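Input: a single structure, listed below in structure tokens.
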Amino acid sequence: MARFAQDKLEELRERANIVEVVGTHVRLKRAGRNYVGLCPFHNEKTPSFSVNAERGFFHCFGCGAGGTVFDFVMRLEGLTFPEAVQSLARRYGVTLPETHEPGGPAPGEREAMYRANEFAAAFFSHVLWKTPAGEAVHGYLKSRAISDETAHAFGLGLAPAQAGVLANALKRRNLLEGAVKAGLVRSDGGAMRELFIGRLMFPIRNAQGRVAAFGGRVLDERLPKYINSPESPIYSKARNLYGLYEARQALARADRAIVVEGYFDAIAVSQAGFKEVVASLGTSLTVEQLRLLSRYTRNVIASFDGDEAGRKASMRALEVFLGAGLLGRGVFIPTGLDPDTLIQKRGAESFDELLKNSELLVDMFVTEEAKRGLSLQAPIEERLKAAQRIGQTLRLVPDELEFNALVSKTLNRLALGPREEKIIREQARSGGARTKPQGAAEGKSRLEAGTTAELGILGVAIIRPDLRPRILEIAPLESFDDEQLRALVAEACALPAAEDVPHQWLSERLSQEQRERLSALAMEATFDDPVNALKVLNDYVRALVKHRRTDRDIEALRREAVEAGDRDDATLKAQELIVLRRGITNDPA
């Protein structure tokens, strides 16, 4: 992750006041020391979203979103921490030194490519809307049922039919070198020639809204019908999605993403009211694209052709989704149509009905296996092969709770027995360790006990700098299970009382859930009073000491239960374990 000079981050944090940044997206009203409004990350009618300007945090008590000003931009625009810093720096005029990665573009080259692309996007737009050449294209857009408003929203443009026009304009503005590196212009027999000539242009923006590449469609019978910008230091089609910037806020608000294939599909679906749509840039979905989408939502619906090829594509997509840590859903567009023509011919309601009836890709996979006629009466060889196929696919499910549920569903649906279940689990285990299920009883109780105490102590160090010396006196940092939290508390307490904990520390070293829990603490009025703040600190320290001791007892009993050779002895150990866990769950400390 990119590192930024602390003085520059502090300058940016001072200029990018969190109330001002949030206020450009949320109508805030003063309520005591906080500001409140309707959360931009979920639909609500009663305000549950708060911003504390003094402490520099926001938190929604409805959906749990929270963090610093950088977290707000990251969540709203789907950016990484470095991207959020750069976005705010551009907005508030803070100059950040550009770093040069080994093997990457030299300092300034990326910016030169972006500037060339952004000039070209404005140039193409001017040709489409302000010249006689563009007037004929207006009729083409109307024939595709694309309104002027929608065309403007997606930044559509027109590349001139005459070679050299764009190249000369770029040269006059000293942007030609960046355009060559971005693939807009290339040398052709000593002369400069544009990649896109006489084409309808689709700017491809990254998550920050900067034009990283273009797609171009012919308006006659030339081939190829579509061409795209080549790969460059600022663009990789496997790591970008068309329409992502335009859809970014709708993705978070709808908490779902619709993935289609083509530019016109994305534009038509968005115009029909489904603003949470992106396109995969003409390629099969990649793990990188899905991970990019998962910054906004984990609910992704992919569209496939309704023919046999589309069915096979959905099965290939399942492994990509699982590789990105998502289950994914799918819809099948009727044969002979695509999302664009489906909406034109049958209306938005028809597309909406498909979305409502979308299926989990895993369920589709099981259905395909069922079509093979598997049952307990099928030959043993067929059942064993099926179990191997299923195990190979489900091995990619990272969460143990989801994996167990899917195995049970598959066994019941296909009428497979214990022997097949064993093979499925063995095949899945060969793919690596599975993560603990989120929200499981033990995980939750331990989080509410020891880990919450650790995070609470860090919160006191951030919110009440005057109590940092007291933390070092009474908090047993050696009892922290989370080494990252232990290090953060130690480093925070080493800072002078007048110095805030750097937000870069929080963004780089804490999980999103941990930052959200800290933001909830930052909204509490309890910390306004020094006596109450000290009492809260003492409570956290007591909880930490008590629950860490219990954790050690649980671990010892677990080992004894596992190692017990006698079944009755193992049962007794397990019962003792349950009692201890219930003690943690019921303990208010």
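Quick note: the coordinates plus some simple rules give every number you see, no bench work behind them. The structure displayed is predicted, hence computed values, not measured ones. Quick reminder, even Gly has a Cβ in these numbers, built from the backbone with ideal geometry, and neighbours come from all protein chains shown.
Numbers for the structure displayed
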{"read-out": "Shape parameters for the range 109-235, alpha-carbon atoms, Rg then Dmax in Å", "value": "13.9, 42"}
{"read-out": "Hydrodynamic radius (Kirkwood) for the range 468-535, which is based on Cα pairs only, to one decimal in Å", "value": "13.3"}
{"read-out": "Residue 542/residue 316 FRET efficiency (R0 41 Å; Cβ-Cβ; nearest 0.05)", "value": "0.15"}
{"read-out": "Computed FRET value (nearest 0.05) for residue 7 with residue 357, which takes r as the C-beta separation and R₀ as 56 Å", "value": "0.50"}
{"read-out": "Proximal charge balance of residue 175 [Cβ under 12 Å; K/R count +1, D/E count -1]", "value": "+2"}
{"read-out": "Ranked 517, 33, criterion: other C-beta atoms within 10 Å, fewest first", "value": "33, 517"}
{"read-out": "Computed label-point distance, nm, for sites residue 400 and residue 491 using a 7 Å Cα→Cβ extension", "value": "3.1"}
{"read-out": "Extension gain, residue 344 back to residue 186 (0.36 nm per residue minus Cα-Cα distance, nm)", "value": "53.0 nm"}
{"read-out": "Added length on full extension, which subtracts the Cα-Cα distance from 0.36 nm per residue, residue 307 to residue 505", "value": "66.2 nm"}
{"read-out": "Two-site FRET efficiency, residue 14 against residue 148, from Cβ-Cβ distance with R₀ of 56 Å, rounded to 0.05", "value": "0.85"}
{"read-out": "Protection proxy ranking of 273-280, 59-66 - average other beta-carbon atoms within 10 Å, highest first", "value": "273-280, 59-66"}
{"read-out": "Surface/4 of the Cα convex hull for the range 217-311, nm²", "value": "7.4"}
{"read-out": "Peptides ranked, highest mean first, by Cβ atoms within 10 Å: ranges 139-152, 189-202", "value": "189-202, 139-152"}
{"read-out": "Footprinting exposure proxy for 242, 226 (fewest neighbouring C-beta atoms within 10 Å first)", "value": "226, 242"}
{"read-out": "Radius of gyration and maximum dimension Dmax of the range 239-365, Cα, Å", "value": "13.0, 36"}
{"read-out": "The range 198-254 and the range 64-90: distance between their alpha carbon centers, rounded to Å", "value": "23"}
{"read-out": "For the range 6-92, projected area of the alpha-carbon convex hull averaged over all directions, nm²", "value": "5.4"}
